[in-house]
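A.B. asks: Would you mind keeping the following structure in view while I ask a few things?
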Amino acid sequence: MIKQLPISVDGAHKSDVRTQFAALCYRTKHGESEILLITARGSGRWIIPKGWPMDAMTPGECAGQEAWEEAGVTGKIFNRPLGLFSYQKVIGGEGLPIVAMVYPVRVDSLAKDYPESGQRKREWFSPKKAAKQVAEPELARILKGFDPGYLA
């Protein structure tokens with residue numbers, strides 16, 4: 001097993017690094033997998049929690065932190081990515097290409113009060129339905145094919 005080391009963004013602004021880390025938050029209910037989607041603050045479209053690299057944190061830890069801040073999720077973070085997807089993020093009126101690496105997070109609990117509560121909606125979907133909700137085709141493929149059985 002390869003040990004993940006914390007990254008360093010010392011000397012760079014975090015948005016200069018055009019990679020984000022995303023959390024595929026999931027649970028198993030009645031033997032079926034469910035995926036938690038949240039709404040984007042600006043557009044209200046369905047997304048998964050994601051954000052910029054954070055100094056002294058592994059990519060998986062960054063994904064877990066975003067899951068907490070954006071969705072109130074606490075749970076087990078897996079440090080092996082499921083895949084990646086690309087999208088355009090508008091920053092300062094300019095569209096920047098972003099690649100987001102997706103890390104699974106098994107949800108143990110959802111907080112009522114968390115940093116971005118009141119700014120986003122959150123809802124559980126089957127993997128197939130979650131895939132239909134998101135705009136990014138690569139993310140849709142990851143969601144549709146998600147099976148927590150291969151995390152063991």
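Throughout, read-outs are computed from the coordinates displayed, never taken from laboratory work. Quantities reported herein were computed from a predicted structural model and do not represent experimental measurements. Every residue, glycine among them, receives a Cβ derived from its backbone with ideal geometry; neighbour counts consider all protein chains shown.
A.B. asks: Mind telling me which of Val134, Val102, Val90 comes out most flexible in a GNM of the chain, alpha-carbon contacts under 10 Å?
C.D. replies: Judging by the Gaussian network model, the answer is Val90.
A.B. asks: Taking a threshold of 20 Å on the Cα-Cα distance, which of the pairs Lys89/Lys129; Lys50/Lys89; Lys50/Lys121 fall above it?
C.D. replies: Cα-Cα > 20 Å for Lys89/Lys129; rest within.
A.B. asks: Where does each of Thr58, Thr74 land when they are ranked from fewest to most other beta-carbon atoms within 10 angstrom?
C.D. replies: So the residues, fewest neighbours to most, are Thr74, Thr58.
A.B. asks: I need Leu151, Leu143, Leu110, Leu37 ordered by Cβ neighbour count within 10 Å, fewest first.
C.D. replies: So the residues, fewest neighbours to most, are Leu151, Leu110, Leu37, Leu143.
A.B. asks: Along the Cα→Cβ direction, 7 angstrom out, place labels at Ser33 and Leu110. What is the inter-label distance in nm?
C.D. replies: In this crude spin-label approximation the distance works out to 1.9 nm.
A.B. asks: Okay, next question. Any chance you could check the Cα centroid distance between the range 95-116 and the range 16-59 for me, in angstrom?
C.D. replies: Taking the Cα centre of each part, the range 95-116 and the range 16-59 sit 3 Å apart.
A.B. asks: Determine the relative contact order of the range 17-147: mean sequence separation of Cα pairs under 8 Å and six or more apart, normalised by residue count, in whole percent.
C.D. replies: 31 percent.
A.B. asks: Moving to a separate point now. Placing unit charges on C-beta atoms (Lys and Arg positive, Asp and Glu negative, everything else neutral), compute the dipole magnitude of the range 17-147 about its Cα centre in debye, rounded to 20.
C.D. replies: Roughly 460 debye for the range 17-147.
A.B. asks: In addition: State log₁₀ I(q)/I(0) for the range 17-147 at q = 0.11, 0.22 Å⁻¹ as given by the Debye formula over alpha-carbon point scatterers of equal weight, solvent excluded.
C.D. replies: -0.34, -1.49
A.B. asks: Tell me, rounded to the nearest percent, the portion of alpha carbon pairs in the range 87-144 spaced more than 18 Å apart.
C.D. replies: Tail of P(r) above 18 Å: 56 percent of Cα pairs.
A.B. asks: Sticking with this structure for a sec: Tell me the label-point distance for the pair Glu94, Glu123, using the 7 Å Cα-to-Cβ offset, in nm and rounded to one decimal.
C.D. replies: Going from the Glu94 label point to the Glu123 one covers 3.6 nm.
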